[in-house]
Each structure stands twice: as structure tokens, then as C-alpha cells.
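Shown next, in C-alpha cells, is the structure this report addresses.
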Amino acid sequence: MASEQKFPIKNLCLFCGSSSPKDKDLADGAIALCKEMLSRKIGLVYGGGTMGMMGIIGKTIHEGMSWAQRTSTKFDIASYLTS
């Protein structure tokens, strides 16, 4: 029997380097994590980096969000991803 979480995760803070991963599996893992976060409606808290692992995470979350989700967020990451 699966137990229910008493305090479900609403947001997850991710901190990674801004350098590009040398191992493709790291990037693939980050993308898989982001897709799982999106499917569970878990928000991302991060510094807005656009390069390396931080960029991969930000771009994946941004692309997976609906227009309504992007426009209702307090911090618009789109301006960072397009600059």
C-alpha cells in the first residue's frame, strides 16, 4: 500500500554549475527530473542562470510550462532565457 505524503513538495530548489556537463547522462538526468517535476506540478526555484546545467534546467521547465503558468509566475524566466 502506497503511503500519501503528509506535506507534498510544492517547490524544489535546484543549484547546479553554469558549465556544460561533460557527461551527456547528467544532462539527460536533469531533463528527466524537470519533466517529472512538471508532471507533478512541482515548481522550480533557481537563480535564473542560462548557461550549462542551470540553463538546461531553466529551459526545460520553461518549455514545459503552459502559457498561463508562465504568465502567472512571480518571476518571469523567459526574459533570462531569451537574452
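When segment 1-42 is examined, which residues are found to be of a type in the set (Gly, Ala, Ser), closer than 23 Å to Ser66 by Cβ and buried (at least 16 other Cβ atoms within 10 Å of the Cβ)? So that I can check it myself, show each step before the final result.
First, the residues of segment 1-42 that are of a type in the set (Gly, Ala, Ser): 2-3, 17-20, 27, 29-30, 32, 39.
Filter once more, keeping what is closer than 23 Å to Ser66 by Cβ: 30, 32, 39.
Within segment 1-42, just Ala30 meets the criteria.
When segment 1-53 is examined, which residues are found to be of a type in the set (Lys, Arg), at positive phi and outside any loop (DSSP other than H, G, I, E, B)? If you could, list the steps in order and put the result at the bottom.
Within segment 1-53, the subset of a type in the set (Lys, Arg) is 6, 10, 22, 24, 35, 40-41.
With at positive phi added as a condition, the list becomes 41.
Result: no residue meets the conditions.
Just so you know, all these numbers are worked out from the coordinates, no wet-lab data involved. Note that this is a predicted model, so its numbers are computed, not measured. Reconstructed Cβ throughout: ideal geometry from the backbone, glycine too, with neighbour counts over all protein chains shown.
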